[in-house]
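Presented below is the structure to which this report refers.
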Amino acid sequence: MGGAATVATGIGGYAVLRGADSGVSWAQGQLSSRHWPGRSVAWRLARPDPARVPSPRVVVALHGRGGNADDAFDGLRLHEQVERLGIAVASVDGGERYWHPRKTDDTGAMVIEDLLPELWRHGIPAGPIGLIGWSMGGYGALWLGARYGPAVVGAVAAMSAALWTSPGASAAGAFDNREDFLAHDVFALTTELARMPVSLACGTSDPFITANRALAARLGHAATTFDDGGHDDSYWRPHGIRALQWCAAGLAR
């Protein structure tokens, strides 16, 4: 977990790990949520050394389908930018629920209503957060930005967002049914997304490139990067670094 680390004093019963050589402090734990009942949900936080940055803004990273809270760090290596940018990065397990309200759960609400209070207990200040997501998480970042607005979400960076322009085109399991798709279609929420900074990136060999370009056409203010690459970590890792830097700059304004 980010190089040499030692266990420090626990906060709220959770382990707090400090990377002695990296300038990064780590925390991790499990949360329970009424929005995803019957589960113990893992979360992770990488933040700058509190002695240097006592109250950093946070960017929450939303993983893709089949992933978990580890992907932001073990896959995209976002913690390697924390000290340089002076910003914290948090992540949480979301299963394959696509970060929006479903019949039995709402992992997106879990992020805002359960994860954020956990982060506050670890010295992260209340205030607008950044959201980074890729694939399923890219869709989730856009949905949560539109749902909660700029008072809660200060910047959204979506990479290879899992977007579809019609219910019949969506992946199996992404939505409960046609009505669920229509109720949570980000193409219908461009007015809400126009109230906050949005960044879209997608590889030109990615199966979601057409839908991402279609959303960009409706979001004239969005920063866009459509360049070589596919739907994998080799694309998301470098673009994740840029997205994190972009969010950090937006939250500093």
May I ask you to list the residues in the stretch 93-127 that are within 18 Å of Asn68 (Cβ to Cβ) and either at pLDDT below 95 or among the aromatic types (Phe, Trp, Tyr) (or both)? Tyr98, Trp99
Here's a check for you: in the stretch 212-241, which residue that is out of contact with any strand residue (DSSP E or B) (no Cβ under 8 Å at 6 or more places or on another chain) and in a loop (DSSP other than H, G, I, E, B) is surrounded by the most Cβ atoms within 10 Å (Cβ to Cβ)? Asp232
Considering the stretch 23-74, residues that are basic (Lys, Arg) and in a loop (DSSP other than H, G, I, E, B), and then whichever is surrounded by the most Cβ atoms within 10 Å (Cβ to Cβ), we arrive at Arg57
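Arg237: basic (Lys, Arg), modelled with pLDDT of 95 or more and in contact with a Cys (Cβ under 8 Å, 6 or more places away or on another chain), yes or no?
Values: basic (Lys, Arg): yes; modelled with pLDDT of 95 or more: yes; in contact with a Cys (Cβ under 8 Å, 6 or more places away or on another chain): no.
Criteria not met by Arg237.
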Looking at (1) surrounded by fewer than 18 Cβ atoms within 10 Å (Cβ to Cβ); (2) basic (Lys, Arg); (3) part of a loop (DSSP other than H, G, I, E, B), can you tell me which one Arg97 breaks? (1)
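The values are calculated or read from the model by the stated rules, or taken from the named source; none is laboratory data. Please read these numbers as outputs of a predicted model, since none were measured by experiment. Here Cβ is always computed from backbone atoms with ideal geometry, including for glycine, and neighbour counts include all displayed protein chains.
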